[in-house]
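Working notes for the structure below.
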Amino acid sequence: MQPPSASGERKYLELRDQATRTASLIKEKARDDIVLLATHFDADGISAGSIMLSALNRLPALTHLRVIDRIDEKILEDIEQIQSGLVIFTDIGSGYLDIISKILRNRDIVIADHHQPLGDPVGVHHFNTHILGFNGSEEISGAGTAYLLAKALDSRNADLSPMAIVGALGDQQDKAAKRGFKGLNSEILKDAVDSRLIEVKQDLIFFGRQTRPVHRAIASTTDPFLPGLSGEEDRCLALLDAASVPTKIEDRWRTISDLSLDEKQRIVEKIVAHIISLNLKGEIVMDLIGSVYSLLREDPGTSLRDAREFATLLNACGRMNRAALGIAIGVGDRGDSYKAAQEVYAQYKTTLSKYMNWIATSPNAMRRGRHVVIVNGNGVIDENMTGAVSSLVSSSNLFGDKVTIVTTVTASGDAKVSTRATERLVEKGVNLGKTLQSLAPRHSGVGGGHAIAAGATIPKIELERFLTELESSIEGLLD
Ligand code: C5P
Ligand code: C5P
Ligand code: ZN
């Protein structure tokens, strides 16, 4: 990894040193003990877990895998019951150092994570890019952190770099100009491009560029949100007709990847005209062109060929309780696993659009403050879906530039809260991860995450008081 500057140099050297030291420990322990790998259940977590599992399988090691949606004492006590000499956490753990070192004190622990850390890592090999001076919310994902360790374990693991890019896209880290990556993510992308595993092109970033009919690809794009087109397949079809872009070749629907440059230009011109006719600024259309990342070893026309679609497929698996299927795909299974994941994805889409319709048509489901919008999903939104709903409500910009808070009640009777900010609010000082980290324990719960996206679980009885305090802390910052 090339050090970009003198001050950067030390940081990069420390990162490499720490990766090497952590990798040696993993190798040594894996030689004669069972390894328990625990990873987070979203797209980044599944990518991170897949990278680490592939790397461990190359050692070889005997690995037991757990996919978890959060960390609390109960989950750690379950993990403690499983026989193993080394527990590796990926994309989760850094916010929970105290309870991890307390409950798992009798074994070696490695945490490879990019969340904002909290607590004292006593006895924990804490491989967290934040503490080495790299911004874990923007320039490296959990999968990226796992990848750096995997590469320190064996240089052959450079072939796992595409999964680190999938993970970073799952966490929406393509925030540099034109949907590019920053910092460590761009170094990892370089590994993937140099190994001819990923190709990066500037193109229309409509979602589903490999697999969806063009009008559906336009309609499914919510980032940027195109009023009158996002979610409106019929209107998108009419727009293609007006742009004289044929939607089919014989019986087969054409996809974005089938279109000529000229056809793409005509589509963009029509979208600009449409946006201007709504008295909105035509510039948002510039956000439709950006880096697209193709996985060159995947078949064209499948959703694994496009790294953004790949991430969405994994996210669907995790959130629909099929995380193991996501891991199977992440470590290279295709065929039946891929078919099953497609079905899970279809169910995920249906579930998510059911929730979005419910939000749009149930004014009582929602409360709007000056700087927050709170969706109360109790009895409607599944506990695993609050994060996905919160991300979608936030990126759809339906309620303006506010912090989005989605709550529901879990099977065990707790309240679950998923919060999302925007880049502009983060620039103004909002740090949801830090806010929830300090607020949740004051209400007998756990919470944390990133400045822009964070979550918490607290006793249900505390929810109203918790929300009031959360709202006033955000108002305190933004008023
Ligand atoms: O646990 P992890 O870091 O993997 O999850 C971060 C979550 O935050 C992801 O679900 C991701 O989609 C979401 N996110 C978001 N908006 C951003 C950045 C991340 O909704 N700008
Ligand atoms: O659950 P949700 O998708 O809203 O989580 C957003 C971010 O907050 C994720 O990165 C997740 O790992 C983190 N989080 C956390 N502690 C919690 C809940 C979520 O660190 N109790
Ligand atoms: Zn992550």
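The values are calculated or read from the model by the stated rules, or taken from the named source; none is laboratory data. Being a predicted model, the structure only gives us computed values, none of them experimental. With ideal geometry, Cβ positions are generated from the backbone for all residues, glycine too; neighbour counts draw on all protein chains shown. Ligands, DNA and RNA are stripped out before the accessible areas are found, and what is left, the full protein with its side chains, is counted by its heavy atoms. Shrake-Rupley method; radii C 1.70, N 1.55, O 1.52, S 1.80 Å.
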Sort 140-149, 183-192, 348-357 by the packing proxy (mean of other Cβ within 10 Å over each peptide's residues), most packed first. 140-149, 183-192, 348-357
Treat every Asp and Glu Cβ in the chain as -1 and every Lys and Arg Cβ as +1, leave all other atoms uncharged, and give the resulting dipole magnitude about the Cα centre to the nearest 20 debye. 260 debye
Here the gain from full extension of R424 to L261, 0.36 nm per residue of separation minus their alpha-carbon distance, amounts to 55.4 nm
In vacuo Debye scattering of segment 1-121, one point per C-alpha: log10 I(q)/I(0) at q = 0.20 Å⁻¹? -1.17
Note down the nm distance, to one decimal, between modelled labels 7 Å out along Cα→Cβ at A177 and at D32. 5.7 nm
Using a 7 Å offset from the Cα along the Cα-to-Cβ direction at both E14 and V380, what is the distance between the two label points in nm, to one decimal? 4.7 nm
Please report Rg over Rh for segment 313-376, where both radii come from the alpha carbon positions and Rh follows the Kirkwood definition. 1.20
Treating only the Cβ atoms of Lys and Arg (+1) and Asp and Glu (-1) as charged, compute the dipole magnitude of segment 6-195 about its Cα centre; round to the nearest 20 debye. 400 debye
Compare the peptides 69-75, 295-301, 308-314 by average per-residue count of other Cβ atoms within 10 angstrom and give them in order, highest first. 308-314, 69-75, 295-301
Residue separation times 0.36 nm, minus the C-alpha to C-alpha distance between S277 and T350: what's the value? 23.2 nm
How big is D for segment 204-357, in µm² s⁻¹ as a whole number, if Stokes-Einstein is applied with the Kirkwood radius of its Cα pairs at 10 °C and 1.306 mPa s? 97 µm²/s
Phi to ³J(HN,Hα) by Karplus 6.51 cos²θ - 1.76 cosθ + 1.60 over segment 433-450, Hz, x for Gly, Pro: x, 5, 4, 6, 4, 8, 6, 4, x, 5, 10, 6, x, 10, x, x, x, 10
Label point 7 Å out from T468 along Cα-to-Cβ: which residues of segment 428-462 have amide N under 17 Å? 439-440, 442-444, 459-462
CD proxy at 222 nm, helix term only [per DSSP H run n ≥ 4: -39500 (n - 2.57); per residue of the chain; nearest 500]: -14000 deg cm²/dmol
With the 1.4 Å probe rolled over protein heavy atoms, segment 204-357 has an accessible area per residue in Å² of 47 Å²
Across the chain, how large is the tail of the calculated P(r) beyond 35 Å, expressed as a percent of all Cα pairs? 31 percent
If I compute solvent accessible area with a 1.4 Å probe over the protein chains, what percent of it on the chain is carbon and sulfur? 49 percent
Starting from the 7 Å offset along Cα-to-Cβ, what nm value, one decimal, do you get for the label separation of H64 and R21? 2.9 nm
Nearest 20 debye, what's the magnitude of the dipole of segment 362-478 about its Cα centre given +1 on Lys and Arg Cβ and -1 on Asp and Glu Cβ? 180 debye
Output the peptides 364-372, 124-132, 406-414 sorted from most to least packed, where packing is the average of other Cβ atoms within 10 Å over each peptide's residues. 124-132, 406-414, 364-372
Across all directions of projection, what mean area in square nanometres is found for the Cα convex hull of segment 347-479? 7.3 nm²
Whole-angstrom Cα spans of segment 173-219 along principal axes, big to small: 35, 22, 14
Straight-line reach only, C-alpha to C-alpha below 16 angstrom: list the lysines that K102 could link to, leaving out same-chain residues fewer than 8 apart. K74
Under 23 Å between alpha carbons, and skipping anything fewer than 8 positions from K27 in its own chain: which lysines qualify? K151
Do the alpha carbons of any pairs in K11/K175; K264/K349; K402/K460; K11/K182 sit beyond 18 Å of each other, and which pairs? K11/K175; K264/K349; K402/K460
